[in-house]
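Values quoted throughout were computed directly from the atomic coordinates according to the rules given, and no laboratory measurement underlies them. Note that this is a predicted model, so its numbers are computed, not measured. Neighbour counts are summed over all protein chains in view; Cβ atoms, including those assigned to glycine, are modelled from backbone coordinates with ideal geometry.
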Amino acid sequence: MTDAARNIRVLLVEDEGLVALLLEEMLSELGYEIAAHARCIGEALQLAAEADYGLAILDVNLNGVASFPAAEIVRDRRIPLIFATGYQQSNFQQPFQGAPSVQKPFNKAALGCAITAALSCSALDAV
Amino acid sequence: MKVENACLLVVDDIAEARYAKVRALQKAGWSVNETSGGEETLAFVASRPTDLVVLDTMLPDILGTEVCREIKRTRPDIMVLQTSATFVGADHRVSALDAGADAYLVEPAEAPVLVATVRALLRAKSAEDQLRVANERLLARTLELEALLCSAPIGLAFFDKAGRCTRINDEFAGISALAAKGQIGRTFKEIFPNSASSLEMLLGEVFSTGTALRNIELSEGSSAASRHWLTGFFPVRDASGDITAAGCWAVDISERKRAEEHKELLIHELDHRVKNTLTVVQSLASQTFRGAGLDAKVEAFENRLCALSAAHDVLTRGSWRAADLRELVVKAAELHGASDRFSVEGPDLKLKPKAALALAMGLHELCTNALKYGALSSSEGRVNVCWSIEGETGPPRLRLIWKETGGPRVETPVDRGFGSKLLEKSLASDLKGTISLDFSPDGVTCAMSAPIAVCE
């Protein structure tokens with residue numbers, strides 16, 4: 001377990017089961033624990049508001065519905081987030097255009113980099 | 001009509017007088033016909049080419065002044081020189097000129113005076129003829145342009161220096177859902193309140209610089225209801241070259257714009273789905289093979305998948321028509337975290353999708369190999385990628401060279417892996433070119449050569 005990963009639990013928002021499985025596997029290898037997994041926008045909204053997590057990884061498109069409303073809840077709770085998506089960042093809705101993201105498909109290293117960036121980003125916010 | 005080729009008619013009922021005038025005019029070089037009565041004269045000018053009539057006033061059947069009036073009514077282009085030995089008073093001359101005669105000569109007139117008067121009248125007629133022909137031509141041109149203005153499938157309008165509309169067709173007026181009628185004299189601010197500022201700027205530029213502006217896109221409204229036009233602005237100059245007006249053309253391209261936007265959306269949507277599918281494939285491979293002592297293989301597979309996906313990104317940015325070669329190389333370096341170790345040189349070049357994907361995969365293998373065994377495995381090593389178009393002998397070819405320097409001593413691999421195979425077989429065939437991979441001890445060099453057809 002890396003230092004960064006210590007005690008950080010992840011909210012996973014991903015509608016594709018196999019992709020979620022891949023993410024869980026990579027996260028566990030990187031030393032993170034899954035707090036909760038949302039498969040649709042309804043679950044995402046609820047878990048984003050109620051779950052106990054220190055980082056959220058969100059797919060942008062949940063069965064054709066954008067996940068931005070859930071992302072807003074995460075942001076309002078001042079919890080760092082990452083988008084994991086096949087969309088290019090220019091397609092992100094405001095205010096998430098500059099948000100940390102990882103392009104699907106990605107390898108463990110790229111995911112790790114994105115997480116580090118998101119966590120340091122929010123650490124800077126806190127200053 | 002040329003003055004010297006004019007056809008003349010001398011009218012006099014007294015044979016001697018008529019003969020004297022005919023002789024004088026024939027000697028001056030003109031072709032001359034003669035008649036002796038009013039009816040006969042009117043019949044003659046109605047049927048035979050005549051440019052000028054020397055018309056005596058005292059005729060046996062109709063008074064010469066009346067004959068003149070009739071000629072001018074039916075053939076205003078024929079010149080009439082009224083003559084008389086009988087009516088010589090001022091009032092006679094006045095009434096003859098008022099009846100339409102172009103000049104009045106009191107007889108007997110000396111031959112040179114008659115000839116000079118006829119010549120003067122013919123000169124005036126010739127000038128008038130030229131003017132009339134020019135006028136007819138101008139009118140025909142105007143009618144052509146008017147018809148073009150009415151039936152052209154593009155909007156056309158002209159504005160004076162004050163920005164007032166001097167001419168506008170229905171198509172142009174339709175842009176603001178107005179009728180062309182009633183727009184003349186109004187300023188473009190009144191006609192197009194929504195685009196006034198951009199129009200003012202563009203017209204101002206045409207008037208101040210005198211250069212035509214082409215293919216300028218103007219838009220109005222937002223999102224779904226927005227309208228777009230392709231427009232052009234051009235100066236209208238007078239004979240001395242001064243700009244007197246500015247013209248403007250406009251084509252409604254709203255439909256095309258919407259279709260383009262829709263296509264962009266579809267491409268991005270498809271791109272997104274492909275990425276998702278690739279990730280699912282990645283997950284499947286991971287679930288299937290990981291833990292069976294194949295972790296390194298799975299990782300290599302994942303990295304190839306990511307390289308393929310990155311090439312898709314570059315192609316999507318080019319709407320899947322072409323990918324920028326430099327961007328492909330830079331992206332490959334970035335994916336391997338080695339951007340600062342690369343030097344990249346070459347002209348701007350767009351590759352077709354198939355060649356771009358193949359090359360991206362090839363670059364990925366080279367990067368991976370360099371990281372594991374080559375220049376990028378040491379802290380000092382560098383990679384130089386350069387390309388050019390060469391074609392002094394034969395058809396032009398794209399030549400790209402990957403050259404590693406400063407790395408550890410290179411050993412020629414005993415057993416060629418998938419990377420080499422991909423480069424030497426698959427890439428070569430996709431590029432319809434040749435690849436040579438050289439494991440020389442001071443650094444790997446890979447030289448590719450492909451026909452220019454792989455470029456956009």
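Our note on the geometry: Cα centres of the stretch B:416-456 and the stretch B:208-276, 43 Å apart. Mean residue ellipticity at 222 nm, helices only, the protein assembly as shown: -14000 deg cm²/dmol; runs of at least 4 DSSP H residues each add -39,500 (n - 2.57), and the sum is divided by the number of residues. The label point for residue B:415 and the one for residue B:270, both projected 7 Å from the Cα toward the Cβ, are 4.1 nm apart. Label positions at residue B:138 and residue B:238, each projected 7 Å from the Cα along the C-beta direction, are separated by 1.3 nm.
Whole-Hz Karplus values for the stretch B:90-104 come out as 4, 5, 5, 5, 4, 5, 5, 5, 5, 6, x, 4, 8, 7, 9 Hz, taken residue by residue from phi with 6.51 cos²θ - 1.76 cosθ + 1.60 and θ = phi - 60°; glycine and proline positions read x. Here's the picture: charge each Lys and Arg Cβ at +1 and each Asp and Glu Cβ at -1 in the protein assembly as shown, and of B:437, B:310, A:110 the one pushed furthest to the positive end of that dipole is B:437.
With each label modelled as a point 7 angstrom along the Cα→C-beta vector, the residue B:170-residue B:130 pair spans 4.2 nm.
Given their separation in residues at 0.36 nm each and the Cα-Cα distance between them, residue B:334 and residue B:277 gain 18.2 nm when the chain is fully extended. Couplings for the stretch B:267-273, taken from phi via the Karplus curve 6.51 cos²θ - 1.76 cosθ + 1.60 with θ = phi - 60°, read 4, 5, 5, 5, 4, 4, 5 Hz in order; Gly and Pro are left as x.
For the stretch B:81-99, backbone nitrogen atoms closer than 12 Å to the point 7 Å from residue B:113 Cα along Cα-to-C-beta are found at B:84-85. Cβ-Cβ distance of residue B:227 and residue A:52, R₀ of 51 Å, FRET efficiency by 1/(1 + (r/R0)^6): the value works out to about 0.50. With Cβ to Cβ distances under 14 Å as the rule, what net charge do the other residues near residue A:88 carry (K, R +1; D, E -1)? Surrounding charge for residue A:88 is 0. Taking square-rooted eigenvalues a ≥ b ≥ c of the alpha carbon gyration tensor, is chain A rounded, prolate or oblate, where a/c under 1.5 means rounded and, failing that, a/b exceeding b/c means prolate? Rounded shape, in that the Cα axes give a/c under 1.5.
For chain B, the relative contact order works out to 7 percent when only alpha carbon pairs closer than 8 Å and six or more residues apart are counted. Taking amide hydrogens as placed 1.01 Å from N in the peptide plane, the amide H of residue A:82 sits under 5 Å from those of A:56, A:57, A:58, each at least 5 positions away in sequence or on another chain.
Rounded to the nearest 10 degrees, the inclination of helix B:196-209 to the longest alpha-carbon principal axis of chain B is 70 degrees. The residue list B:49, B:300, B:17 was ranked by how far each Cα lies along the charge dipole of the protein assembly as shown toward its positive end, using unit charges on Cβ atoms, and B:300 comes out on top.
Sequence-ordered 3J(HN,Hα) estimates for the stretch B:231-242 from the Karplus curve with 6.51, -1.76 and 1.60 and θ = phi - 60° stand at 10, x, 10, 8, x, 10, 10, 8, 4, 8, x, 6 Hz, glycine and proline given as x.
What ranking of B:343, B:198 emerges when the number of other C-beta atoms within 10 Å of each C-beta is taken as an exposure proxy, fewest first? If you can, show how the numbers build up before the last one.
Details: B:343 11, B:198 15.
The most exposed by this proxy come first: B:343, B:198.
Amide H contacts of residue B:59: B:64, each under 5 Å away and 5 or more positions distant or on a separate chain (H built 1.01 Å from N in the peptide plane; Pro and chain starts excluded).
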